[in-house]
Amino acid sequence: MPSTHVRPRRVGLLCVLAGASLSLTACAGATVAPPAVVDPATSWSLVTSAAQGQTVNLWMYGGDDLGNSYVDKILAPAAAAQGVTIHRVPITDTADALNRVVSETTAGRTMDGSVDLVWVNGENFRTGAQASLWKCGWATSLPNARYLDTRDPLLLNDFGTPVNGCEAPWHKAQFVIAYDSAKVTSPPTSIPELLTWAQDHPARFTYPQPPDFTGSAFVRQALYGISGGVASVPSTYDAATAQPLEDALWSKLSGVAPSLWRGGQTYPRDLTALDKLYSDGQVWFTMTYGPATIDARVKDGTFPATTKVLSLRDGSLGNASFLAIPANAAHSAAAQVVANLALSPEQQAAKADPSTWGQYTVLDVTKVPESLRAPLEARSAISVVPPFSTLSTSSNPELSATWVTPLEQGWRKSVLGG
Amino acid sequence: MTTDATERRASTPRGRGSLLALPALAPVLAVLVLGLGSAVLQSVGLMPLAGQPAFTTSAYSALASPAVADGMRISLAIAAASTAIAVVLGLTAALLVHRIAPRRGFLALLAAATVPVPHLVGAIATGLLLSDSGLVSRLLGADPTTFPQLIAGPWWVGVVAEYAWKESAFVALVVLVSLSQRERELSEAAAVLGASAWERFRRVTLPLASPALVVSATLSAAYVVGSYEVSWLLGRSYPEPLPVLAYRLFTDVDLDTRPEAMAVAVLTVGVAGAIALVGTVMLRRTAAAR
């Protein structure tokens with residue numbers, strides 16, 4: 001933490017004086033952080049005792065039924081056993097939570113914010129870090145952080161933004177493209193092949209419009225695919241080197257647009273809309289950053305039973321998602337207790353079960369006691385999604401979040417409006 | 001014109017009246033001044049999320065882009081089309097109820113039934129009904145690829161239909177209230193004097209209903225210009241109506257687009273305000289003509 005050497009009272013005064021977001025991290029840190037001298041075990045027991053009886057407002061994407069029911073039926077009771085109540089706040093987009101934190105801090109609510117814990121993705125994490133909205137330094141001192149691989153690149157950088165203990169890992173994800181094998185008889189094995197397939201089969205392929213999270217991921221995946229692989233794309237955005245890559249990407253995507261659904265005149269507004277087109281049989285491909293949902297949709301009959309996951313020669317994007325605590329959270333101690341609980345091998349195993357949620361674990365399985373290992377890699381007997389170890393063999397690292405805005409704006413200008 | 005004395009006499013009750021209206025006015029003013037005020041401040045860079053406040057009009061210069069111009073055009077077109085349809089449908093419904101059912105309880109209730117349905121629900125229902133793999137398409141056994149593109153199509157049919165359907169109920173309700181017993185009496189008197197049905201409509205009913213028509217049309221057009229969810233659910237990717245554009249910029253991962261989002265929001269308020277102004281002028285005219 002940047003300000004541990006400053007006495008807490010002084011920090012409080014600084015907060016009042018500064019008011020704005022610049023010193024927020026320091027302010028919130030000062031209100032809950034124990035004195036820097038105590039050893040970790042004592043400081044954690046201080047956190048747990050401060051957390052007793054608190055209610056954590058957990059803001060998370062609410063469009064995933066399995067995720068909602070995992071939190072309500074498995075995570076929340078376990079948290080209740082530790083004296084913490086979880087109140088799940090469903091949102092349509094993580095940016096909503098961020099906006100709430102931003103609005104509250106601009107309005108001067110720097111201590112008792114209504115967002116305690118956010119399931120956050122890299123783009124929003126970076127935005128929040130830009131405005132110093134996150135409480136930092138807590139995630140590495142969680143007791144269950146000992147099960148993590150400290151050198152795992154996915155956990156050190158979130159979309160190119162250093163994590164620095166400002167968020168605790170929750171699950172890993174792999175971007176997959178799914179297709180109906182009854183209709184697509186010779187499935188493409190790379191992004192360029194997929195786009196050629198789309199040109200040969202008018203109106204049978206499309207992708208959600210960026211800035212939808214999945215649509216944005218598809219554009220990044222296409223950037224890798226068209227530029228000739230991960231090695232050809234610098235991970236941090238730089239206008240000069242990016243220009244030729246972007247030009248090639250946009251010309252390819254606008255070239256294929258007339259062959260997309262609705263002639264590329266319009267795109268599904270989000271993943272939900274694309275999934276509907278897929279389940280209605282209008283398009284023959286869908287895509288997701290959460291492969292477990294495909295299993296669930298096939299199982300409940302929304303997707304055809306002949307759905308399969310496209311195996312891409314060059315691999316696909318992989319990332320980890322995290323739980324972050326806003327600097328102005330009212331119940332940050334309880335939020336830490338929940339983040340720690342969510343990292344426990346038991347919870348990670350329960351969450352990995354495809355019938356529960358099917359989110360891949362972030363833990364380093366070799367660090368987990370042997371008796372707890374097996375369920376961490378669980379998957380259902382009949383699954384259309386290959387195991388995580390197969391999916392992630394040639395995992396593509398996520399591009400830095402600095403890429404996200406240029407790509408979204410470029411797509412809008414060169415593909416949608418052009 | 002009024003003399004000083006009459007003005008003084010009139011001012012006391014009027015002053016008391018505005019004092020009584022204060023409790024109702026206060027929250028409206030609070031929302032307008034605080035909400036709109038902070039939107040304006042954010043749009044000119046005086047309330048930044050990070051960094052030092054500095055006055056700038058760059059967010060407003062950024063409004064001179066084709067995306068904003070197209071957004072404005074589509075917003076106005078949707079508002080005009082849906083309001084026109086709503087006025088015709090609403091007036092027709094109100095007249096039918098007024099004519100057919102003198103004790104109009106049940107029919108009026110029926111006409112007003114759509115008013116409490118939220119636009120969000122209406123939009124989803126419209127989507128389920130009219131989309132190319134929706135209920136209508138399935139009932140007709142149509143091929144989704146050749147079914148007319150009513151939802152997310154080039155003519156925004158779904159969006160206009162939803163607004164027209166919802167607003168027509170509102171128009172009908174307001175007009176129905178304005179067509180009191182007086183209209184029936186005047187109409188009968190005109191009939192006795194030999195006026196044809198068309199003449200009675202033209203000379204009696206329409207003038208009596210027109211203030212209510214103007215008011216409800218103004219409210220509905222201003223509402224449509226500022227409304228988000230229907231266009232988002234049933235519209236297409238481009239052009240984006242102003243509220244959709246503003247919200248996308250507002251939720252952009254890049255915080256630097258926030259001032260521009262606020263500028264688009266302020267512009268939207270301006271357009272709605274202009275509609276309200278036009279409506280007020282038209283209302284004055286109709287009231288003066290009477």
message: Checking the structure you have, find out if any residue of the range B:146-164 is touching a residue at least 12 places away in the same chain (Cβ under 8 Å), surrounded by fewer than 19 Cβ atoms within 10 Å (Cβ to Cβ) and in a helix (DSSP H, G or I).
response: yes
query: Are any of the residues in the range A:142-156 more than 14 Å from every other protein chain (Cβ to nearest Cβ), assigned to a helix (DSSP H, G or I), touching a Phe, Trp or Tyr at 6+ places or on another chain (Cβ under 7 Å) and surrounded by fewer than 17 Cβ atoms within 10 Å (Cβ to Cβ)?
result: yes
- request: Could you check how many residues of the range B:262-290 are of a type in the set (A, V, I, L, M) and free of Cβ contacts under 8 Å to residues at least 24 places away in the same chain?
  value: 4
query: Quick check, is A:S332 of a type in the set (S, T, Y) and either buried (at least 20 other Cβ atoms within 10 Å of the Cβ) or farther than 30 Å from A:P234 by Cα (or both)?
result: yes
- request: Among what's in the range A:337-346 and is over 14 Å from A:A80 (Cα atoms) and of a type outside the set (S, T, Y), pick the residue that is surrounded by the fewest Cβ atoms within 10 Å (Cβ to Cβ).
  value: A:E346
task: Give the range A:322-363 a look and list any residue that's in contact with a Gly (Cβ under 6 Å, 6 or more places away or on another chain) and either without any contact (Cβ under 8 Å) to a residue 60 or more places away in the chain or not in a loop (DSSP other than H, G, I, E, B) (or both), or say none.
output: A:P326, A:A329
message: Being more than 30 Å from B:L110 (Cα to Cα), among the small types (G, A, S) and not in a loop (DSSP other than H, G, I, E, B) is true for just one of B:G45, B:G51, B:G35, B:G90. Which residue is that?
response: B:G35
The listed residue being buried (at least 19 other Cβ atoms within 10 Å of the Cβ), in contact with a strand residue (DSSP E or B) (Cβ under 8 Å, 6 or more places away or on another chain) and outside any helix (DSSP H, G or I), out of A:Y224, A:Y207: A:Y207
- line: If we take the range B:174-286, then helices (runs of 4 or more DSSP H) inside it with 1 or more residues that are in contact with a Leu (Cβ under 9 Å, 6 or more places away or on another chain) and at pLDDT below 95 are B:181-192, B:197-200, B:206-226, B:229-234
Sole residue being touching a Leu at 6+ places or on another chain (Cβ under 9 Å), at pLDDT 70 or above and within 30 Å of B:T251 (Cα to Cα), chosen from B:A54, B:A30: B:A54
task: Identify, by number, the condition in (1) without any contact (Cβ under 8 Å) to a residue 40 or more places away in the chain; (2) closer than 28 Å to B:R200 by Cβ that B:S168 doesn't meet.
output: (1)
Contacts under 9 angstrom Cβ, first residue in the range A:225-236 being farther than 21 Å from A:V176 by Cβ, partner surrounded by 14 or more Cβ atoms within 10 Å (Cβ to Cβ) and among the small types (G, A, S), 6 or more apart: A:P234/A:A242; A:P234/A:S400; A:S235/A:G160; A:S235/A:S400; A:T236/A:G160; A:T236/A:S400
task: List the number of the failed condition for A:F218; all other conditions in (1) of a type outside the set (D, E, K, R); (2) at pLDDT below 95; (3) within 25 Å of the chain's Cα centre (by Cα) hold.
output: (2)
message: Is it the case, given these coordinates, that A:V385 is part of a helix (DSSP H, G or I) and crowded, with 22+ Cβ neighbours inside 10 Å?
response: no
query: Inside the range B:139-173, can you point out the residues that are within 14 Å of chain A (Cβ to nearest Cβ) and either among the aromatic types (F, W, Y) or over 30 Å from A:G417 (Cα atoms) (or both)?
result: B:A142, B:F147, B:W155, B:W156
task: Please tell me if A:L253 is more than 22 Å from A:G67 (Cα to Cα), surrounded by fewer than 23 Cβ atoms within 10 Å (Cβ to Cβ) and within 27 Å of the chain's Cα centre (by Cα).
output: no
query: What are the residues in the range B:181-202 that are exposed (fewer than 14 other Cβ atoms within 10 Å of the Cβ), touching a helix residue (DSSP H, G or I) at 6+ places or on another chain (Cβ under 9 Å) and among the basic types (K, R), if any?
result: B:R182
- request: Just one of (1) assigned to a helix (DSSP H, G or I); (2) more than 12 Å from the chain's Cα centre (by Cα); (3) surrounded by fewer than 20 Cβ atoms within 10 Å (Cβ to Cβ); (4) not aromatic (F, W, Y) trips up B:M72, so point out which.
  value: (3)
- prompt: Out of curiosity, is A:G281 within 14 Å of another protein chain (Cβ to nearest Cβ), touching a Pro at 6+ places or on another chain (Cβ under 7 Å) and small (G, A, S)?
  reply: no
task: Tally the residues that are polar (S, T, N, Q) and more than 9 Å from chain B (Cβ to nearest Cβ), restricting the search to the range A:90-130.
output: 6
task: Could you tell me whether A:Y147 is touching a residue at least 60 places away in the same chain (Cβ under 8 Å), in contact with a helix residue (DSSP H, G or I) (Cβ under 7 Å, 6 or more places away or on another chain) and under 30 Å from A:L416 (Cβ atoms)?
output: no
message: So, B:S137, is that one assigned to a helix (DSSP H, G or I), without any contact (Cβ under 8 Å) to a residue 24 or more places away in the chain and not acidic (D, E) or not?
response: yes
query: Quick check, is B:A261 within 14 Å of another protein chain (Cβ to nearest Cβ) and of a type in the set (A, V, I, L, M, F, W, C)?
result: yes
- line: Log entry, pairs with first residue in the range B:233-246 being within 13 Å of another protein chain (Cβ to nearest Cβ), second being among the hydrophobic types (A, V, I, L, M, F, W, C) and in a loop (DSSP other than H, G, I, E, B), beta carbons closer than 7 Å, six or more apart or on different chains, reads B:L234/B:I151; B:L234/B:A152; B:G235/B:A152; B:G235/B:W156; B:R236/B:A152
field: So B:G273, is it of a type in the set (G, A, S) and within 14 Å of chain A (Cβ to nearest Cβ)
entry: no
- request: Run A:W197 past the list (1) crowded, with 21+ Cβ neighbours inside 10 Å; (2) of a type in the set (F, W, Y); (3) more than 19 Å from A:D247 (Cα to Cα) and report the number of the one that doesn't hold.
  value: (1)
field: Criterion: in contact with a strand residue (DSSP E or B) (Cβ under 9 Å, 6 or more places away or on another chain) and either aromatic (F, W, Y) or surrounded by fewer than 17 Cβ atoms within 10 Å (Cβ to Cβ) (or both) - qualifying residue of A:T94, A:T55
entry: A:T55
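The values are calculated or read from the model by the stated rules, or taken from the named source; none is laboratory data. Since the structure is predicted, the reported quantities are computational estimates derived from the model, not experimental observations. Quick reminder, even Gly has a Cβ in these numbers, built from the backbone with ideal geometry, and neighbours come from all protein chains shown.
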